[in-house]
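J.: Submitted below is the structure of interest, expressed as structure tokens.
The values are calculated or read from the model by the stated rules, or taken from the named source; none is laboratory data. All values reported here derive from a predicted model rather than from experimental measurement. Note: ideal-geometry Cβ built from the backbone for every residue, glycine included; neighbour counts use all protein chains shown. Surface areas here come from the heavy atoms of the whole protein model, side chains and all, with no ligands, DNA or RNA. Shrake-Rupley method; radii C 1.70, N 1.55, O 1.52, S 1.80 Å.
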Amino acid sequence: MRALIQRVSEASVTVEGELLGEIGPGLLILVCAMQGDGEDQASALAARIAKLRIFRDEAGKMNRSVRDTGGAALVVSQFTLAADTSRGNRPGFSAAAPPADGERLYRHFAAEIAACGIPTATGRFGADMKVRLLNDGPVTIWMES
């Protein structure tokens, strides 16, 4: 699995004007299941992200996790993280998991984040979503399982 993690002051996701999820301070996690991924990869990535120390401590150092700060997570599926841009001008997405697997792993990943004690909101798999965020830092980190 691939994830792009952004430390945010706030974030929200809407579909056709309907607010699906919103958070205050925490993490916006854009996530993509890749060909061959399974629940083990989703669980491992969620556990790593829950422990990722990218929030400031009292000394201003990035030394606290989202759990340490009481922050939340907004988990949004984004198959375009599988983009292959090595040739031409149009990215290929064949490395992404098939939609049924992608949705199952996306839901599993979000459930695993919540099971880590992090309040979790989600988008809608496969929908044309509008994501708003106020990036804090900015801090943006790429991770793979």
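J.: If you take all C-alpha pairs in segment 67-145, what percent of them are over 20 Å apart? Please report the intermediate quantities before stating the final value.
T.: Numbers: 1380 of 3081 pairs.
Distances greater than 20 Å cover 45 percent of the Cα pairs.
J.: So in the chain, what percent of DSSP beta bridges are antiparallel if you round to the nearest 5?
T.: Bridges in the chain are about 75 percent antiparallel.
J.: Continuing with the same structure: Quick one: longest stretch of the chain between exposed loop GluC sites (Glu not before Pro), exposed meaning at most 10 other C-beta atoms within 10 Å and loop per DSSP? Write out the running numbers ahead of the final one.
T.: On the way: sites that count: 16, 58.
For GluC sites (Glu not before Pro) (loop position, at most 10 other Cβ atoms within 10 Å), the longest site-free span of the chain is 59-145.
J.: For helix 99-115, report the angle its Cα long axis makes with the longest principal axis of the Cα atoms of the chain; keep it between 0 and 90° and round to the nearest 10°.
T.: Between the helix axis and the principal axis of the chain, the angle is about 10 degrees.
J.: Report the trypsin sites (Lys or Arg not before Pro) located in segment 1-73 that are in a DSSP loop and have at most 15 other Cβ atoms inside 10 Å of their Cβ, or state none. Could you put the intermediate results ahead of the total?
T.: Values: sites: 2, 7, 48, 51, 53, 56, 61, 64, 67; in loops: 53, 61.
Within segment 1-73, the qualifying trypsin sites (Lys or Arg not before Pro) (loop, at most 15 other Cβ atoms within 10 Å) are 53, 61.
J.: Kindly report, to the nearest 10 Å², the accessible surface of residue 101 as traced by a 1.4 Å probe over protein heavy atoms only.
T.: Ignoring ligands and nucleic acids, residue 101 comes out at about 60 Å².
J.: Hey, what number do you get for the chain at 222 nm if only DSSP H runs of n ≥ 4 count, each worth -39500 (n - 2.57), divided across all residues, to the nearest 500? Intermediate results must be reported in sequence, preceding the final value.
T.: Working: 3 runs with 34 residues, N = 145.
That calculation yields -7000 deg cm²/dmol at 222 nm.
J.: Let me ask something additional. Using a 1.4 angstrom probe on the protein heavy atoms only, could you order 32, 116 from most to least accessible area?
T.: 116, 32
J.: Calculate I(q)/I(0) for the chain by the Debye formula, one identical point scatterer on each C-alpha and no solvent, and give its log10 at q = 0.12, 0.13, 0.20 Å⁻¹ to two decimals.
T.: Each listed q maps to, in turn, -0.46, -0.54, -1.21.
J.: With everything on Cα atoms, drop me the angle between helix 39-51 and the longest principal axis of the chain, reported from 0 to 90° to the nearest 10.
T.: Here the helix axis deviates by roughly 30 degrees.
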